[in-house]
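Heads up: the structure comes next, in structure tokens.
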Amino acid sequence: MNPKILELRTRMVSVPLSTPIISAVGEYRMWPYIVSEVICEDEIIGNSYIGPYLDHSMPAIVSTMHALFENFKGMALAPTEFFDEGMRSLSLLGRSGIALYALAALDIAFWDARAKAAKQPLCVHLGGTLGKVKAYNSGGLWLNDPGTLYNEARSLLERGNFEALKIRLGRRTIEEDLEAIEEVRRAMPKNGLLLSDFNQVFSLTEAIHRLSALDDQGLYWFEEPIKYYELQNYAELRGRLKTPIILGENFHGPDDAFRSLQMDNSDGIMPDLMRIGGVTGWLRTGALSNAFQKAISSHLYPEVSAHLMCVTPMVDLLEWTDWANPLIKNPYELEEGCVVIPDRPGAGIDFDEDAILKYTFSEG
Ligand SMILES: [Mg+2]
């Protein structure tokens, strides 16, 4: 029998980033996380973390989580049923944005608890096997001075023997972007993959101009060159370029993924575990991407995403960052450019209590 769920415990933290983010959407030195524990019968605790970008958004999400949790308290753990019930109850608020983030945080913890109740790693509980997941190191190469990128790329490659990196582009001029690409390429192995991300910096016209100039650079993909919601413009852009176009970190739930896939406006999608609606939202989106014959990659949350990529067809690359590592006891290991899924029950994420206390976020 599945254990009953009893209590929800949430903490808000703000963790320093080892490499500051300098991107078209802003500069960040700290990263906010909501750390959650769903306490169940039989001393089973389901863990999750979400990073909702803006620290001041955390109290609203936490309060929504506690309100949603009241729908499930005392019930036997049933993550997919809870997800559907949660989505139904969110109809009045909207099935996206911070309301969906709150449901995602609960959903991830519910699945973690459910796999722990079965004494299995999450990917095994979902029908897969333990393994390694091919990844790229996404933890740097921001919009810094191109002259610094060679050394940075070397250290990103060395950590975990990566062969794939992601560079951020969309500098002031084409020449600066070309110089940045050249500096990173100098550091990379001959067959290494260089991915690129524009963080939505361009209008359609600017994107046509810039991406056409970069189209012969052999980049593995162009990620989010224009605003994430300009779905028709993605279709237009994709028709004009050779380099694959990818989007999806800003899909809010599987409904958004469906709309984009239906428009055939990308070469692959990369859902974000939080924005897509947690484990349940990811699994449903994985089924959609397979039906539309599109490759699927991940955005942030490398630990749970690694489990999910083991049970999702047509997977491409996992995005690796170590941003949450300060909060996690025994962070996941890297081997030959892969993330190694540990043989531990659930998602295998145990929080470091001292770190949570040290990085506690307080309002005001
Ligand atoms: Mg991105």
How many of the residues in region 13-61 are within 17 Å of the chain's Cα centre (by Cα) and outside any strand (DSSP E or B)?
-> 5
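From the residues in region 267-300 that are polar (S, T, N, Q) and more than 12 Å from the chain's Cα centre (by Cα), which one is farthest from Ala347 (Cα to Cα)?
Among them, the one singled out is Gln293.
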Out of (1) away from the ligand (no atom under 16 Å from the Cβ); (2) outside any helix (DSSP H, G or I); (3) basic (Lys, Arg), the odd one out for Arg154 is which?
-> (2)
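Could we say that Pro313 is in contact with a Lys or Arg (Cβ under 6 Å, 6 or more places away or on another chain), without any contact (Cβ under 8 Å) to a residue 60 or more places away in the chain and more than 16 Å from the ligand (Cβ to nearest atom) here?
Working: in contact with a Lys or Arg (Cβ under 6 Å, 6 or more places away or on another chain): no; without any contact (Cβ under 8 Å) to a residue 60 or more places away in the chain: yes; more than 16 Å from the ligand (Cβ to nearest atom): yes.
Against the criterion (in contact with a Lys or Arg (Cβ under 6 Å, 6 or more places away or on another chain), without any contact (Cβ under 8 Å) to a residue 60 or more places away in the chain and more than 16 Å from the ligand (Cβ to nearest atom)), Pro313 does not qualify.
Looking only at region 250-265, count how many residues are within 14 Å of the ligand (Cβ to nearest atom) and surrounded by 24 or more Cβ atoms within 10 Å (Cβ to Cβ). Spell out the reasoning first.
Just the residues of region 250-265 that are within 14 Å of the ligand (Cβ to nearest atom), to begin with: 250-251.
With surrounded by 24 or more Cβ atoms within 10 Å (Cβ to Cβ) added as a condition, the list becomes 251.
Matching residues across region 250-265 total 1.
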Please go through region 210-224 and pick out each residue that is away from the ligand (no atom under 16 Å from the Cβ), touching a strand residue (DSSP E or B) at 6+ places or on another chain (Cβ under 9 Å) and in a loop (DSSP other than H, G, I, E, B).
-> Asp215, Gln217, Gly218
Mind listing whichever residues of region 317-342 are in contact with a helix residue (DSSP H, G or I) (Cβ under 9 Å, 6 or more places away or on another chain) and charged (D, E, K, R)?
-> Glu319, Asp322, Lys329
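Counting only residues that are among the charged types (D, E, K, R) and touching a Lys or Arg at 6+ places or on another chain (Cβ under 6 Å), how many does region 336-364 have? Walk me through how you get there before you give the answer.
First, pick out the residues of region 336-364 that are among the charged types (D, E, K, R): 336, 343-344, 350, 352-354, 358, 363.
The next check asks that each one be touching a Lys or Arg at 6+ places or on another chain (Cβ under 6 Å); those that pass are 350, 352.
The qualifying residues number 2.
Tally up the residues in region 177-209 that are outside any loop (DSSP other than H, G, I, E, B) and either within 15 Å of the ligand (Cβ to nearest atom) or over 21 Å from Gly147 (Cβ atoms) (or both), please.
The first filter runs over region 177-209 and keeps only residues outside any loop (DSSP other than H, G, I, E, B), leaving 177-187, 193-197, 202, 204-209.
If we keep only those that are either within 15 Å of the ligand (Cβ to nearest atom) or over 21 Å from Gly147 (Cβ atoms) (or both) as well, we get 193-197, 202, 204-209.
Number satisfying all stated conditions: 12.
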Take region 345-364 and flag every residue that is surrounded by fewer than 17 Cβ atoms within 10 Å (Cβ to Cβ), touching a residue at least 40 places away in the same chain (Cβ under 8 Å) and in contact with a helix residue (DSSP H, G or I) (Cβ under 9 Å, 6 or more places away or on another chain).
-> Glu363
Are there any pairs, at least 6 apart or on different chains, whose C-beta atoms fall under 9 Å, with the first in region 264-289 and on the phi > 0 side of the Ramachandran plot and the second more than 16 Å from the ligand (Cβ to nearest atom) and among the β-branched types (Val, Ile, Thr), and if so, which?
-> Gly277/Thr285; Gly278/Ile50; Gly278/Ile108; Gly278/Val304
May I ask you to list pairs of residues, at least six apart or on different chains, whose Cβ atoms are under 7 Å apart, with the first in region 209-223 being closer than 16 Å to Met188 by Cα and the second being away from the ligand (no atom under 15 Å from the Cβ) and in a loop (DSSP other than H, G, I, E, B)?
-> Leu219/Thr243
Scan region 225-235 for residues that are within 14 Å of the ligand (Cβ to nearest atom) and either part of a loop (DSSP other than H, G, I, E, B) or in contact (Cβ under 8 Å) with a residue 60 or more places away in the chain (or both) and jot them down.
-> Pro225, Lys227, Tyr228
Inspect all residues belonging to region 240-247 and state whether any of them is crowded, with 20+ Cβ neighbours inside 10 Å, within 30 Å of Ser48 (Cα to Cα) and away from the ligand (no atom under 16 Å from the Cβ).
-> no
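None of the figures in this text is laboratory data; all of them are computed from the coordinates on show. All values derive from a computational prediction rather than experimental measurement. Note that we place each Cβ from the backbone using ideal geometry, even for glycine, and neighbour counts take in every protein chain shown.
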